[in-house]
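Trainee: One structure, as structure tokens, below. Some questions next.
The values are calculated or read from the model by the stated rules, or taken from the named source; none is laboratory data. What you see is a predicted model, and the numbers here were worked out from it, not measured in a lab. Here the Cβ positions follow ideal geometry from the backbone for every residue, glycine too, while neighbour counts run over all protein chains shown. The accessibility values were calculated without ligands, DNA or RNA, using every heavy atom of the protein model including side chains. Shrake-Rupley method; radii C 1.70, N 1.55, O 1.52, S 1.80 Å.
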Amino acid sequence: MDEGTVMYAALRTPDFHVQALSHQQPALRKLPVALLDGEAPLETVFATNKQARALGIQTAMSRLQAESFTAAAVVHRAPEYEDTALEILHTTACFFSPRIEAVATQPGTYVLDIQGMSSLFGDSAQLANKLRQRIMAAGFLANVAVSQNFHAAVCLARGRAGVSIVPSGDEVRALGPLPLQVLELEPEQEETFSSWGISHCAELAALPETDLIARMGQSGKRLRSLARGEWQHLMTPLETSFESELVERVELDHPVEMLEPLLFLLARMIDQLLSRVLSHSHAIASLQVTLKLDAEFHSHQRVVRPALPLQDARTLLKLLQLDLEAHPPGAAIVALELHAQSAKPHRAQHGLFLPQAPEPGRLEVLLARLRKLLGDERVGSPELLDQNRPDAFRMARFSPPSPMLKEEQPAFPPAALRVCRPPQAIGVALNGASPAQVFWNGQRYIVAELAGPWRLSGQWWSESNWSREEWDVSLTGGKTGQICRIARDPRSNCWYMQGTYD
């Protein structure tokens with residue numbers, strides 16, 4: 001393949017609509033299939049496969065006519081399966097070229113600009129074979145044709161099975177044996193050529209251009225140029241969002257109530273999403289699973305968002321499993337949808353003398369197990385609330401900070417209050433209005449020094465109002481002395497141990 005020559009590779013999936021359905025329902029792959037479209041009772045045959053056409057089933061037949069062929073499977077069209085198939089085909093094509101155009105009139109047909117791709121995939125024949133093998137590995141039959149002309153590649157992929165390579169300037173000979181149907185003729189044009197006895201591209205290409213224009217106008221000139229592989233085309237590449245492709249959908253044949261059978265499907269879906277993400281050197285930042293339940297207009301949705309983007313399919317599957325076990329759906333499941341969000345992988349340069357932290361994936365699995373056992377509100381990082389209550393906090397999702405070099409510690413570190421949760425009830429003997437003795441954990445302590453009281457209150461306008469008097473006291477007695485913070489609740493006149501100072 002000449003690096004300076006523009007070359008096109010056309011990828012076509014024959015009987016695309018049937019293949020999209022059989023990709024999700026493999027039992028249909030070896031059967032004659034007729035797809036129905038429209039509303040009952042006026043459904044008509046929308047598409048067929050090769051086996052169904054061999055039986056005599058044709059498009060536009062009524063449902064009753066199609067069902068008269070007992071050997072054929074007559075099923076309804078599934079647009080969601082077609083969307084999934086298009087996403088797979090487009091994603092696979094993106095591995096081989098950044099410039100891709102979809103042929104609007106032929107669903108499942110893409111044209112790749114492969115100029116300059118020889119250094120990555122070899123010559124035209126090697127690239128075409130690798131492309132077809134990748135599509136077949138994804139579960140679709142495909143034809144691939146390579147030509148210097150855009151439309152010639154599309155016509156060859158439509159008319160020939162397997163891989164077709166057209167040398168530069170040899171389009172007329174390559175297109176000659178193909179039937180005129182590859183040119184997408186209008187019914188009037190097809191009738192005209194049939195009356196002239198013309199059925200192949202070579203016969204159309206041999207007609208005099210002037211005489212053809214005189215009889216058919218500019219459309220005749222275009223068809224002749226298409227048959228000769230000379231009609232030029234300005235390529236318009238697709239510009240789709242990468243994130244919109246990170247979706248996998250599967251519908252189940254029967255409702256499933258247990259989670260274990262779904263793990264095999266979820267594992268396959270995660271592998272497919274991760275392969276697309278890795279192709280862009282990214283990682284998965286979150287997974288959103290939507291379970292369609294066996295109840296009208298009901299679904300169950302959960303989001304798994306690791307603290308750091310992950311590239312490990314097993315870890316992502318385990319996190320999804322633990323989350324669904326902690327939050328099970330309320331009915332049997334009939335369909336799955338998995339949507340991923342990508343992000344750049346986390347990169348950190350640790351210091352030589354810093355302790356090794358656990359792997360992000362293993363830490364995420366541990367946190368997920370704890371959330372399953374204790375609840376979401378009990379696992380995470382403490383976060384202070386914007387309130388006047390000194391100990392008001394909540395548990396936020398764990399988010400590790402960026403690694404930093406160890407800073408020099410001050411000579412006299414500040415004291416830290418180790419809070420008792422919940423506060424412990426204690427007994428207090430008063431000397432006037434000040435505490436003189438504290439009875440705590442079966443021991444009697446003498447208050448050697450004290451500071452306070454600090455009177456605090458808040459939220460008087462609601463049922464969660466609170467008030468207390470706090471004292472910092474130095475206790476002696478027992479085995480060792482301690483510095484503590486005690487508090488009195490004026491409403492109940494009870495004393496509590498708030499915490500101890502380290």
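Trainee: What number comes out for accessible area per residue over the range 143-216 if the probe is 1.4 Å? Units Å², please.
Mentor: Working: 3530 Å² over 74 residues.
Heavy-atom accessible area per residue stands at 48 Å².
Trainee: Another question, then. Going by amide H atoms built from the backbone, whose H comes under 5 Å of the H on residue 499, apart from near neighbours?
Mentor: So residue 499 has HN proximity to 420, 485.
Trainee: From the phi of every residue in the range 76-89, what ³J(HN,Hα) in whole Hz does the Karplus formula 6.51 cos²θ - 1.76 cosθ + 1.60 yield, where θ is phi - 60° and glycine or proline is x?
Mentor: Coupling constants for the range 76-89: 7, 5, 10, x, 5, 5, 5, 4, 5, 5, 5, 5, 5, 5 Hz.
Trainee: Among rounded, prolate and oblate, which fits the range 1-104 when a ≥ b ≥ c are the square roots of the eigenvalues of its C-alpha gyration tensor, a/c under 1.5 means rounded, and a/b larger than b/c means prolate?
Mentor: On the way: a/c = 2.63, a/b = 2.36, b/c = 1.11.
Cα axes put the range 1-104 in the prolate bin.
Trainee: To continue, here is another question. Per residue of the range 304-314, what does 6.51 cos²θ - 1.76 cosθ + 1.60 with θ = phi - 60° give for ³J(HN,Hα)? Whole Hz please, x for Gly and Pro, Karplus curve as stated.
Mentor: For the range 304-314, the Karplus curve yields 10, 10, x, 5, 10, x, 10, 10, 10, 5, 5 Hz.
Trainee: Using a ≥ b ≥ c from the Cα gyration tensor of the range 57-115 (square roots of the eigenvalues), is it rounded, prolate or oblate, where a/c under 1.5 gives rounded and otherwise the larger of a/b and b/c decides, a/b for prolate? List each step's numbers first, then the result.
Mentor: Numbers: a/c = 3.78, a/b = 2.80, b/c = 1.35.
Taking the square roots of the gyration eigenvalues as a ≥ b ≥ c, the range 57-115 is prolate.
Trainee: Next up: What are the residues whose amide H is under 5 Å from the amide H of residue 76, where those residues sit 5 or more places off or on another chain and H is modelled from the backbone?
Mentor: 36
Trainee: Now a separate question. If packing is taken as the average number of other Cβ atoms within 10 Å across a peptide's residues, how do 209-215, 282-288, 182-188, 104-110 rank, most packed first? Don't skip to the end; give the middle numbers.
Mentor: Details: 209-215: 12.0, 282-288: 20.3, 182-188: 14.9, 104-110: 16.9.
Sorting 209-215, 282-288, 182-188, 104-110 by mean packing, highest first, produces 282-288, 104-110, 182-188, 209-215.
Trainee: Another question, then. Calculate what fraction, in whole %, of the accessible area of the chain sits on carbon and sulfur atoms when a 1.4 Å probe is rolled over the protein chains. Spell out each step's value before the answer.
Mentor: Values: 14930 of 28520 Å².
On the chain, the fraction of accessible area on carbon and sulfur atoms equals 52 percent.
Trainee: State the percent of C-alpha pairs, over all pairs in the range 52-168, separated by a distance greater than 26 angstrom. Spell out each step's value before the answer.
Mentor: On the way: 2135 of 6786 pairs.
Roughly 31 percent, rounded to a whole number.
Trainee: Non-local amide H neighbours of residue 165 (under 5 Å, H modeled in plane, Pro and chain starts lacking H): which ones?
Mentor: 146
Trainee: With θ set to phi - 60° and the Karplus curve 6.51 cos²θ - 1.76 cosθ + 1.60, what are the ³J(HN,Hα) couplings of the range 14-22 in order, to the nearest whole Hz, using x for Gly and Pro?
Mentor: So the J values, rounded to whole Hz, are x, 6, 4, 5, 6, 5, 4, 6, 5.
Trainee: On average, how much area does the Cα convex hull of the range 2-46 cover when viewed from any direction, in nm²? Walk me through the numbers before you get to the answer.
Mentor: Values: hull surface 22.6 nm².
Computing the convex hull of the Cα atoms and averaging its projections yields 5.7 nm².
Trainee: What does the convex hull of the Cα atoms come to per residue for the range 139-295, in Å³?
Mentor: Working: hull volume 32.1 nm³, N = 157.
Given the Cα convex hull of the range 139-295, per-residue volume reads 205 Å³.
Trainee: Moving to a separate point now. With all distinct Cα pairs included, what does the Kirkwood hydrodynamic radius of the range 103-186 come out to in Å, to one decimal, could you say?
Mentor: Numbers: mean 1/r = 0.0745 Å⁻¹.
After inverting the pairwise mean of 1/r, the radius is 13.4 Å.
Trainee: Report, in deg cm²/dmol and to the nearest 500, the calculated mean residue ellipticity at 222 nm for the chain, where each DSSP H run with n ≥ 4 adds -39500 (n - 2.57) and the sum is divided by the residue count. Can you show the working numbers first?
Mentor: Working: 15 runs with 152 residues, N = 502.
When only DSSP H runs of four or more count, the value is -9000 deg cm²/dmol.
Trainee: If one computes P(r) from the Cα atoms of the range 213-294, what percent of pairs lie at distances over 20 Å? It would help to have the intermediate numbers written out before the result.
Mentor: Working: 1998 of 3321 pairs.
Across the range 213-294, Cα pairs with separations above 20 Å total 60 percent.
Trainee: If you don't mind, there's one more thing I want to ask. Report the far tail of the P(r) of the chain, meaning the percent of Cα-Cα pairs longer than 32 Å. Spell out each step's value before the answer.
Mentor: Values: 79410 of 125751 pairs.
Value for the chain (Cα pairs over 32 Å): 63 percent.
Trainee: Grab the beta carbon distance between residue 236 and residue 341, set R0 = 22 Å, and tell me the FRET efficiency rounded to 0.05. Each step should come with its number before you reach the end.
Mentor: Working: r = 28 Å, r/R0 = 1.28.
The computed FRET efficiency comes out at 0.20.
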